[in-house]
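Chemist: Okay, handing you the structure first.
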Amino acid sequence: MRTEQQFTTLYRESLPLISKYLFRRVEANQVEELCSQVFEIAWQKRTAAPAGFELPWLYRIAANVISNHRRSLTRETSLIASLREPNSAPSAESIALADIELAEAWAKLKPAEQNVLALAAFEGLGVHEISLALGISGNAAAVRLHRARANLALLLEYQE
Amino acid sequence: MTNKIKDLEARLRAADSAKNINLEFSTDPIEHAKQKAAGRVSIRASFALKSAAFKRSFLAGGVATAAATAAVLGLVVGTQPAALISLGSDTRGPISESSSKIAGMDSMALAPYSQDEYTAGSDLSAAAGSGHIYEIRPLADSKAALSNLGAVLGLDGAVKSYPEDKASLYIGSGDYSGANISLYTTNGSWGYNDSSAAPAVVCKGDAPCEQEAEASENYPSEQEAKQTAATLFSAAGPAFKASDIKIESTVWQLYATAILKVEGQETAIEWQASWARGGKLESAWGHAVEVVDRGSFETVSAVNAVEQRLREYRWGGQLASASYHFNHSLDTRSFDEVTESEPSEDSVSSGEAVSVATAAPPVSAQSGGSESSETRQDKIVITSAKTTLVLVNDANGLSWLVPGYEVTDGHDFYAGVISVVDGIIELPEAAEMIPMDGMELK
């Protein structure tokens, strides 16, 4: 993707999806600013976008933007928080608005499991796209997704 | 894809906070993005608020923002310079583990909407006391600490920093594409990840992916894992012996965990390494820190802590993980073992699994139940308050272990509360409680 027209097309097609991705994961009043950051970075690095997989590439940029945003909010004040790998998953709080039991189970998943499950269930990505969005191998993405589904189901099972 | 997986993902999608959101830019976004990329203007494109859910979340976001702002102001203004510690805004609330996982799980944590009433039981002491405060100080030479860790892990190469985050150093791939270790210099936390260690899987159509190596488990021996973990954890920070390491084997990974002990007590600060089924180290994390004794300070009584502080989330501190009596054996059972059969009576009566989320509040006047819009109003009698060290986080990015109490009602309520007398620890500004639609604060 090298031309401005190509980027503009990508922008207009993916803006609603990236906006929702951000809405699920950050404070609503931060969505517009972070969205602009995502596309600012995307514009700067547009020649690196993998052809045919621009959307997962944008999600990966967005995940980094969210991680930095969360880090700046807390200034990594917590050992507990910082020992986690960078987390860009939706919070349990956002899920709790609709399903408190699911939110409780969600909160017990590891950040990596939340991330991979969110990309599958909320963003609707397949394993290969998830691997691109997370910057991990397809195998690793598949394993994570499998484990995350299993663990979430297990946690819900215990609650019932 | 199995029906269970389909049901699970359908339930997740139903809980999607953004499913009915329609976000619109009021200005031409592409021009703004390009201009912003050039670093010349600040985009303030407006989203239209299209749904009640959006508005609710907007209100909730306002609370988090207010809390974050309060922390910043606390740093700049320094209203109580005499205080030893100025706490950050994300200090954990004195609420039970299952609740804290919801309200305090990340940087966007909100103050819990709890109206619980706490009463000190007759066995609690009314005597004041004293205890030491410990600073968890990052090692002065972060690069050396990271190099030492890298050497143990077999990662050589130069220590680099991320262009966008100079406070983070790393050796290796710099992302999750291969072996990589990074260290956050502000507080000394480090993390290692090697995604190539995960076993290969085969995905056929919509069926759940199967691990090729699932049948062959090649974990290191328990003693090997303990020794490797002790060597790694000790490479930067407190020294651990193999006998300090706890091992947990699951169907997915083998875990080695070390817990920092201070004054002979376990604390909330932990180190962990995990091996993939193939036997390769997959991830590890820990802290390149030293524990610095900052002196002895007076403490309030257990009765005072319970009745004056427990309801105030800003006095909360993190307990050692074992204190929560949380189920640590969930992962040791395979998915199929549980999903293909009903939990046995034994699994419920063991006292391990039920505390995850199933147990109701001990004395509940109006429990929240499944309606998130209700406010919990529990009356809780604290029957035990054990002196301990609780972990708190200050506004400058550092962690501290301070005297506190581990309190419980003897059932499913556990919490950590700071016991240091007033004037030593400056609390952050209280987050303004803004009720969401349908929620009433009393």
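Only the coordinates and a few stated rules stand behind these numbers; no lab work does. Nothing here was measured: the structure is a model prediction, and the numbers come from that model. Positions of Cβ are backbone-derived with ideal geometry, glycine not excepted, and every protein chain shown enters the neighbour counts.
Chemist: Going by C-beta contacts inside 10 Å, put B:T231, B:T388, B:T408 in order with the fewest on the left.
Modeler: In order of increasing Cβ crowding within 10 Å: B:T231, B:T408, B:T388.
Chemist: Which of A:H69, B:H411 has the fewest other C-beta atoms within 10 Å, and how do the rest follow up to the most?
Modeler: With the fewest neighbours first, A:H69, B:H411 line up as B:H411, A:H69.
Chemist: Work out, step by step, the length gained on full extension between B:D293 and B:V421: first 0.36 nm times the residue separation, then minus their alpha carbon distance; give nm to one decimal.
Modeler: Roughly 44.3 nm would be gained on extension.
Chemist: Grab the Cα-Cα distance for B:A239 and B:D123, subtract it from 0.36 nm times how many residues apart they are, and report the gain in nm with one decimal.
Modeler: Contour length minus the Cα-Cα distance gives 37.9 nm.
Chemist: Separation between the B:E312 and B:H411 pseudo-spin-labels, each 7 Å from Cα along Cα→Cβ, expressed in nm?
Modeler: Output for this residue pair reads 2.7 nm.
Chemist: Find which of A:L134, A:A120, A:N151 sits farthest along the positive direction of the dipole of segment A:89-160, computed with +1 on the beta-carbon of Lys and Arg, -1 on that of Asp and Glu, about the Cα centre.
Modeler: A:L134
Chemist: Continuing with the same structure: When the chain is fully extended, how far beyond the present Cα-Cα distance does B:S130 get from B:S384, taking 0.36 nm per residue of separation?
Modeler: Once the chain is fully extended between B:S130 and B:S384, it gains 89.6 nm.
Chemist: State which entries of B:K19/B:K166; B:K246/B:K280; B:K241/B:K280 exceed 28 angstrom in Cα-Cα distance in the structure shown.
Modeler: Too far apart for the 28 Å limit: B:K19/B:K166.
Chemist: With a 10 Å Cβ neighbour count serving as the proxy for reagent exposure, in which order, fewest first, do B:W315, B:W252 appear?
Modeler: Ranked by crowding around the Cβ, least crowded first: B:W252, B:W315.
Chemist: A further question follows. Let me know the mean shielding of B:388-398 by other chains, meaning the per-residue number of their Cβ atoms within 10 Å of its Cβ.
Modeler: Partner-chain Cβ atoms within 10 Å, mean over residues of B:388-398: 3.
Chemist: Then there is this: Check which residues have an amide H placed less than 5 Å from B:E290's amide H, if you skip close sequence neighbours.
Modeler: Close amide H contacts, sequence-distant or interchain: B:R137, B:L139.
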